[in-house]
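Please read the structure below before turning to the comments.
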There are 2 protein chains.
Amino acid sequence: MFKKVLIVDDHDAISKSVQQVLTACKVKTTDVVQYCDDAFLKVKRAALDDVDYDLVITDLSFKKDHRNANFESGEDLIAALRRDFSQLPIIVYSMKDQLQKVRQLVNQYHVNAYVCKDRKGSIQLEEAIKTVAQKQRYLSPQVAQAVQQKNDLEIYDYDIQLLKLLSQGLSQDEISQNFKANGISPNSLSTIEKKINKLKDQFKANNAIHLVALVKDLGLI
Amino acid sequence: MFKKVLIVDDHDAISKSVQQVLTACKVKTTDVVQYCDDAFLKVKRAALDDVDYDLVITDLSFKKDHRNANFESGEDLIAALRRDFSQLPIIVYSMKDQLQKVRQLVNQYHVNAYVCKDRKGSIQLEEAIKTVAQKQRYLSPQVAQAVQQKNDLEIYDYDIQLLKLLSQGLSQDEISQNFKANGISPNSLSTIEKKINKLKDQFKANNAIHLVALVKDLGLI
DNA sequence: GACTTCCTTACGGGAATCCGTAAGCAAAAT
DNA sequence: ATTTTGCTTACGGATTCCCGTAAGGAAGTC
């Protein structure tokens, strides 16, 4: 079992409950931080002092406040941790249940578990901790399908970028210009049209407005 | 101070922390439910048995699960409570911090307090409970401006409905048809155009896609 | 080399939108 | 009664979007 765990969550009710779960799992040391920036510094400090954490449990969304944050979200923190501490196990504990989000975190950042904060959250978190302790991956049942099913709904950076610009009010022509200016290819107006069309098919959207509304609901952008 | 309080929240970590706050406030009886439907039934039952609750503290968003819910959100629950128990004090305790949401809850449903779940959540909740106990309204500082500032960004049901249909992929013509079918007026294609245009101005949106993206971010739809 | 396949790009016609102008109409103001 | 004001509605032209067709080019296959 883990010996030294860092909990990253802005709400103390949550971090307390996580601490209880960890205590039940016989974890000796649990530290809590409320900001992603603090989390990264603490992990770094611990590594320098040769008292490394052997698990990080983190939320994804953090409220902004007076402090200006370097890492604004759990995703940012995870990206930084994976860059500098690639072997450090990470458990995500979040309200979000969009499959695309889970898929990204598992495939791109190789998080070791994804637990949905809901009615069964604490129980699933305990399972996750035990599973990850045995070097295995854990996903909450409601998001498990995110990775098993080979789905054609796979979305790529290009499409995400396209959808973002679309949602920011750029016309198809402007998106084409933008892509050309930023060296993103393909970038002809015709192809932009085609891509948007394909996405509309994929998401069964009636028009571009509908498409953007749908992908926003899915949390893709 | 209150004597009998009902806590409505999906996540037990939150409800436990709320219970602790209530205990610190010398509240004797605190009941907890995880579903909006249960909350409504419990309030109703208590009223029939002449042991009414004198405060409800509720979240806004609830995860769906196997149970098919009558009330899907805290808003639904609040609407029902306000219809049948108009004098019952209600405190909203939610992650959401969109001003429009707060405004709606305060102006339309007359909730007695709105507390944002964030780093200072528990402290603010305690203040809210004490303030509401003295028959006053409490709003978290970060959303207090929601009601004080007379803002021209006021949005009406008609516009919300319009934006919703737009985001669901209906064309302007279809929206016109829809309004005619549902007896909503004005409903000519020309007016629909004008209204959308006005909204685009109001929100400084470049086009309809941008508009829908913006109002979705604001939590208006 | 000839061929298929997949992707990008160009183009054109029809549909939907954007945007300004103007007519119609009702309530309020003078 | 007339005017003003505000809103709804109709219409027309410019632009953008939508959607199909086809040409061009870079792979890989035979």
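The values are calculated or read from the model by the stated rules, or taken from the named source; none is laboratory data. Quantities reported herein were computed from a predicted structural model and do not represent experimental measurements. Neighbour counts run over all protein chains shown; Cβ positions are idealised from the backbone, glycine included. Ligands, DNA and RNA are excluded from the accessible area calculation, which covers all protein heavy atoms including side chains. Shrake-Rupley method; radii C 1.70, N 1.55, O 1.52, S 1.80 Å.
Key figures
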read-out: Calculated label separations, A:ASN206, copies of the chain, 7 Å along the beta-carbon direction, nm; value: 2.5
read-out: Chain A - accessible surface per residue (Å², probe 1.4 Å); value: 50
read-out: B:CYS25 paired with B:LYS64, simple spin-label distance in nm, labels 7 Å along Cα-to-beta-carbon; value: 3.3
read-out: Carbon plus sulfur fraction of accessible area for the range B:1-106, probe 1.4 Å, in percent; value: 48
read-out: Overall form of the range A:4-148 per C-alpha gyration tensor (a/c, 1.5; a/b vs b/c); value: rounded
read-out: Shielding of B:13-25 by partner chains, average beta-carbon count, 10 Å; value: 3
read-out: Gaussian network model of chain A, springs between alpha carbon atoms under 10 Å - residue of A:ILE91, A:ILE57, A:ILE160 with greatest fluctuation; value: A:ILE160
read-out: In degrees, nearest ten, helix B:189-202 long axis to first principal axis of chain B (Cα); value: 60
read-out: Inter-chain Cβ neighbour average for residues B:107-120, partner chain, 10 Å; value: 2
read-out: Other copies of A:GLN108: label-to-label distances in nm, shortest first, labels 7 Å along the beta-carbon direction; value: 3.5
read-out: Global size of the range A:157-217 as Cα Rg and Dmax, reported in angstrom; value: 10.7, 31
read-out: Protein accessible surface hidden between A and B, which excludes ligands and nucleic acids, total in Å², probe 1.4 Å; value: 2900
read-out: Over 20 Å (Cα to Cα) - which of B:LYS4/B:LYS42; A:LYS63/B:LYS64; A:LYS3/A:LYS44; A:LYS63/B:LYS200; A:LYS16/A:LYS101; A:LYS4/A:LYS117 fall in this group; value: A:LYS63/B:LYS64; A:LYS63/B:LYS200; A:LYS16/A:LYS101; A:LYS4/A:LYS117
read-out: C-alpha long axis of helix A:121-133 to longest principal axis of chain A, angle in °; value: 80
read-out: At least 20 Å² of accessible area lost relative to the chain alone, listed for the range A:161-179 with a 1.4 Å probe; value: A:LEU166, A:SER167, A:GLN168, A:GLY169
read-out: Hits among lysines - C-alpha to C-alpha of B:LYS198 under 20 Å, sequence gap 8 or more where chains match; value: B:LYS150, B:LYS164, B:LYS216
read-out: Residues along the range B:183-215 losing 20 Å² or more of accessible surface when the other protein chains are present rather than the chain by itself (probe 1.4 Å); value: B:ASN206, B:ASN207, B:ILE209, B:HIS210, B:VAL212, B:ALA213
read-out: Gyration tensor (alpha-carbon) shape descriptor, the protein assembly as shown, a/c threshold 1.5; value: oblate
read-out: Helix-only mean residue ellipticity at 222 nm for the protein assembly as shown, each DSSP H run of n ≥ 4 adding -39500 (n - 2.57), per residue, nearest 500; value: -15500 deg cm²/dmol
read-out: Rounded tilt (10° steps) of B:12-24 against the dominant C-alpha axis of chain B; value: 50
read-out: Pair B:VAL51, A:ASN206: separation of 7 Å Cα→Cβ label points (nm); value: 5.1
read-out: Other copies of A:GLN145: label-to-label distances in nm, shortest first, labels 7 Å along the beta-carbon direction; value: 4.2
